[in-house]
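Everything on this sheet refers to the single structure shown next.
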Amino acid sequence: MVSTDSTPSEIPDFKAYFNAQPLHKRFLWIGAVTLAPILFLSVLAYAFTFHGMLALYHWVAIAKFLVILIIIFSISIPIFAVLDIIFAKKIFQAKKARKPAKTHQFNLPSKFIWTIALIGIIVPVSLYSWAKLSMMIRTGNTPPQLMIADGTGDYGIANLAVVFWTEEPTQNTLTYGYDSISRELKENKAAQTHAFMLNNLMPDKTYWYRLNDQEKTYQFKTPTNITNQLKFAVSSDCHLGAPSASEEMTVQILKTITDPTRSNDYFFFLGDFIEYGFEDASWKKGIDVFHPYTSVFPTAALIGNHDAMFAGANFFQDYFYPATMEYDTGNSFYRRTDINGIHILQLDMEWGTIENFDEAQEKWLIEQLESIPKDDWTIVMTHTYYYASGTYAGGTAWYDNPETIETLVPLFEKYGVDLVFSGHIHAMEHLTLKGISYTVVGTFGGHLEPEKDVNSVAESHFYDRSNYGFVEVDINGNSAYIGYYDENGKLLYEYTHTK
Ligand SMILES: [Fe+2]
Ligand SMILES: [Fe+2]
């Protein structure tokens, strides 16, 4: 703090004032106003490296608002620091003009500058630490799950993988087999992610598998290998951990789908497994809910927008589709499974196309579609939807998705896709357009949608927002029977799609 005694017309010399300040104050002053915006903008750039961040910005009005606010605030800090000097000079001159005889003080920087600079340092450092910590905090091992792999086996049915994760790097052995035949698979080095490939499974067998020397043996069945024959269930959006979600419904749906009397061969789950993808504890709890069913029933999982929050995609990858798993053509997030000549393309689309449907995925999709004979069953599954009735809520249109319709639907029409399944909207709907059947599969425990106020431009044959449930698809030759069921397996709607 320096007292400057001057004439009313004299402008305080900032340079002299600055040089007169103690070194630590000069260092803190310049350091704070330059470091704060750099920190804030760096943390923002870091946030956009996460799998789901671009989607959050693109689709959620509040996220976009916050990002813009952070950019404006960051840029404003040095601008305010300059204005602070100008105003201080003006105030000094005004005071001097009013009371020339008095000694006036020229104080810089103001408390306001110290406050915003401090916010600009504490907030980004806290956010970065929280993001890093949320990635590092792991809350224990995950039990094994039987995942449907990318590709197909020598006998026409899906390859599977037993996937689990351990807090410490471990080296494991898996023994599996059927009848009197057994095989042993050994990991060649210790790791945290584990994916034992069960390739070239024999059709119509009851298999078992066991980890290391554990007593627990898991059993699962493989489907028959008859061309164009397959029965599978599809559901989406459990949002486990959300106050509005019903875990009871999720469990009941899992029970019903995997009930042997329903004769489903596989289960395809389309994402939004948990509410907050950045919370490892939620993933672990969710897997504990799934494990009794998914350890013995071949299941495929897609990542949803809630799963992908911040570091969530890392957890999805580690717990469902590790990078170390074998992929014929796809990867942890999008893949192709061929069963009995039926082709199931599972895409990574969490909100729309801008965020995840990159050049690589588009190229991959076109390559797959081109390789599939036009007369074969082609089925597409994604987390987000194409045609759907719904609402306009929170600045977001929850009905016909213009991005997916513009980008994907022309490909579906060109390459003869038959059935399209999606989640993201927590309702059940059956729509058709240009010979393609679009099914919104219904909620797997996540909150039910509010009353719709916009109808899709496609022809909607059935819409239900009052039941939790799932969809079953039974393909036999040229026809596919599709049933919509509540959590207990009560039929709500059915249709037959003929090729
Ligand atoms: Fe959802
Ligand atoms: Fe979603």
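The values are calculated or read from the model by the stated rules, or taken from the named source; none is laboratory data. None of the values given here were measured: they were computed from a predicted structure. FYI the Cβ positions are ideal-geometry reconstructions off the backbone, even for glycines, and counts take in every protein chain you see. Just the protein is used for accessible areas: all its heavy atoms, side chains included, with ligands, DNA and RNA removed. Shrake-Rupley method; radii C 1.70, N 1.55, O 1.52, S 1.80 Å.
Considering only C-alpha atoms, what is the centroid distance from region 459-486 to region 372-422, in Å?
Each part's Cα centre sits 16 Å from the other's.
On a 0 to 90° scale, report how tilted helix 359-371 is relative to the longest principal axis of the chain, with both axes built from alpha carbons and the result rounded to the nearest 10.
10
Probe radius 1.4 Å, ligands and nucleic acids left out: which of T139, T384 has the largest accessible area, and how do the rest follow?
Solvent-accessible surface, decreasing: T139, T384.
For region 476-489, take each phi angle, set θ = phi - 60°, evaluate the Karplus expression 6.51 cos²θ - 1.76 cosθ + 1.60, and give the result in whole Hz per residue in order, putting x for glycine and proline.
Running phi through 6.51 cos²θ - 1.76 cosθ + 1.60 with θ = phi - 60° gives 9, x, 8, 10, 10, 8, 10, x, 9, 10, 7, 4, 8, x Hz.
Leaving out ligands, DNA and RNA, and with a 1.4 Å probe, what % of the accessible surface on region 245-363 is carbon or sulfur? Numbers along the way, then the final one.
Values: 1770 of 3600 Å².
For region 245-363, the apolar C and S fraction of the accessible surface comes to 49 percent.
Placing one identical point scatterer on every Cα of region 229-374 and ignoring solvent, what is log10 I(q)/I(0) from the Debye formula at q = 0.10, 0.11, 0.12, 0.16 Å⁻¹?
-0.36, -0.43, -0.52, -0.92
What's the local net charge at A191, with K and R +1, D and E -1, over the other residues with C-beta under 11 Å away?
On the way: positive: K189; negative: E168, E187, D318.
Combined, the nearby Lys, Arg, Asp and Glu give -2.
Grab region 1-148 and count how many Lys pairs have their alpha-carbon atoms under 16 Å apart, sequence gap of 8 or more, or different chains. It would help to have the intermediate numbers written out before the result.
Details: K15/K25; K15/K89; K15/K90; K25/K111; K89/K99; K89/K111; K90/K99.
Lysine pairs meeting both conditions in region 1-148 amount to 7.
With a 1.4 Å probe and all protein chains kept in place, how do K90, K111, K231 rank by accessible area, largest first? Kindly include the intermediate steps, with their values, before the conclusion.
Values: K90 125, K111 170, K231 35 Å².
Largest accessible area first, the list is K111, K90, K231.
Skipping prolines and chain starts, which residues have an amide H placed within reach, meaning under 5 Å, of the one on A149, given they are 5 or more residues away or on another chain?
Residues meeting the amide H criterion: N159, L160, A161.
Take the solvent-accessible surface of the protein heavy atoms, probe 1.4 Å, and return the percent of it on region 372-481 that carbon and sulfur atoms account for. Write out the running numbers ahead of the final one.
On the way: 1860 of 3710 Å².
On region 372-481, the fraction of accessible area on carbon and sulfur atoms equals 50 percent.
Skipping prolines and chain starts, which residues have an amide H placed within reach, meaning under 5 Å, of the one on F268, given they are 5 or more residues away or on another chain?
A233, V234, S235, A300
Roughly how far apart, in whole Å, are the Cα centres of region 281-346 and region 98-161?
Cα centroid to Cα centroid, the span is 25 Å.
Leaving ligands, DNA and RNA out of it, rank T337, T206, T258 by accessible area with a 1.4 Å probe, largest first. Show your work: numbers first, answer last.
On the way: T337 0, T206 65, T258 30 Å².
In descending accessible area the options line up as T206, T258, T337.
What is the sum of charges, Lys and Arg at +1 and Asp and Glu at -1, for the other residues whose Cβ falls under 10 Å from the Cβ of A393?
Values: positive: none; negative: E449, D453.
Net charge around A393: -2.
How far apart, in nanometres, would the label points at T498 and K132 be if each is projected 7 angstrom from Cα along the Cα-to-Cβ direction?
Those two pseudo-labels are separated by 6.4 nm.
Only helical DSSP H runs with n ≥ 4 go in: add -39500 (n - 2.57) per run for the chain, normalise by residue count and round the 222 nm mean residue ellipticity to 500 deg cm²/dmol. Intermediate results must be reported in sequence, preceding the final value.
Details: 11 runs with 164 residues, N = 499.
The helix contribution divided over the chain gives -10500 deg cm²/dmol.
Quick one: grab the alpha carbon gyration tensor of region 177-269, order the square roots of its eigenvalues as a ≥ b ≥ c, and give me rounded if a/c is under 1.5, else prolate or oblate depending on whether a/b is larger than b/c.
Working: a/c = 2.16, a/b = 1.27, b/c = 1.70.
Oblate shape, in that a/c is at least 1.5 and b/c is the bigger or equal ratio.
I'd like to know which of V420, L345, I71 lies farthest towards the positive end of the charge dipole of the chain, counting +1 on Cβ of Lys and Arg and -1 on Cβ of Asp and Glu.
Positive-most Cα among the choices belongs to I71.
Whole number in Å², please: accessible area per residue of region 8-111, 1.4 Å probe, ligands, DNA and RNA not counted.
On the way: 6190 Å² over 104 residues.
Result: 60 Å² per residue.
Leaving ligands, DNA and RNA out of it, work out the accessible area of H430 with a 1.4 Å probe and give it in Å² to the nearest 10.
10
From the backbone phi of region 89-99, what are the Karplus-calculated ³J(HN,Hα) couplings (6.51 cos²θ - 1.76 cosθ + 1.60, θ = phi - 60°) in whole Hz, Gly and Pro given as x?
Result, ordered by residue: 5, 4, 5, 4, 5, 5, 5, 5, 5, 6, 10 Hz.
What does the convex hull of the Cα atoms come to per residue for the chain, in Å³? Could the numbers behind the result be given before it?
On the way: hull volume 89.2 nm³, N = 499.
Convex hull of Cα atoms, per residue: 179 Å³.
Taking a probe of 1.4 Å, how large is the accessible area per residue of region 243-306, in Å²? The partial results should precede the final answer.
On the way: 2110 Å² over 64 residues.
With the other protein chains kept in place, region 243-306 gives 33 Å² per residue.
What is the local net charge at A32, summed over the other residues whose Cβ is closer than 13 Å to its Cβ (Lys, Arg +1; Asp, Glu -1)?
Values: positive: K25, R26, K111; negative: D84.
So the environment of A32 carries a net charge of +2.
Would you mind finding the longest exposed-site-free stretch of the chain, with exposed GluC sites (Glu not before Pro) meaning DSSP loop and at most 10 other Cβ atoms within 10 Å? Intermediate values should be presented prior to the final figure.
Numbers: sites that count: E215, E451.
After excluding every exposed loop site, the longest remaining stretch is 216-450.
What figure, in Å² to the nearest 10, do you get for the accessible area of W208 with a 1.4 Å probe and non-protein molecules left out?
W208 has an accessible surface of roughly 50 Å² with all protein chains in place.
On a full-extension model of 0.36 nm per residue, what is the gain between V125 and K434, subtracting their alpha-carbon distance, rounded to one decimal in nm? Intermediate results must be reported in sequence, preceding the final value.
Numbers: separation 309, 0.36 × 309 = 111.24 nm, distance 5.25 nm.
Length difference between fully extended and current span is 106.0 nm.
Output needed: percent of Cα pairs per 10 Å distance bin for region 103-148, bins running from 0 to the one holding the longest distance.
Spelled out per bin, shortest first, that is 19, 22, 21, 15, 11, 7, 3, 2, 0.
Provide the per-residue ³J(HN,Hα) series for region 115-125, in order, calculated from phi with Karplus coefficients 6.51, -1.76, 1.60 and θ = phi - 60°, each as a whole number of Hz, with x at glycine and proline positions.
Values per residue, Gly and Pro as x: 5, 5, 5, 5, 4, x, 9, 5, 4, x, 5 Hz.
On the accessible surface of region 22-95, probed at 1.4 Å, how many percent belong to carbon and sulfur atoms? Intermediate results must be reported in sequence, preceding the final value.
Details: 3480 of 4170 Å².
Of the solvent-accessible surface of region 22-95, carbon and sulfur hold 84 percent.
For region 435-499, run through the chymotrypsin sites (Phe, Trp or Tyr not before Pro) and keep only the ones in DSSP coil with at most 16 other Cβ atoms within 10 Å of their Cβ. Please list the in-between numbers first.
Details: sites: Y438, F444, F462, Y463, Y468, F470, Y481, Y484, Y485, Y493, Y495; in loops: F444, Y468.
The qualifying sites: there are none.
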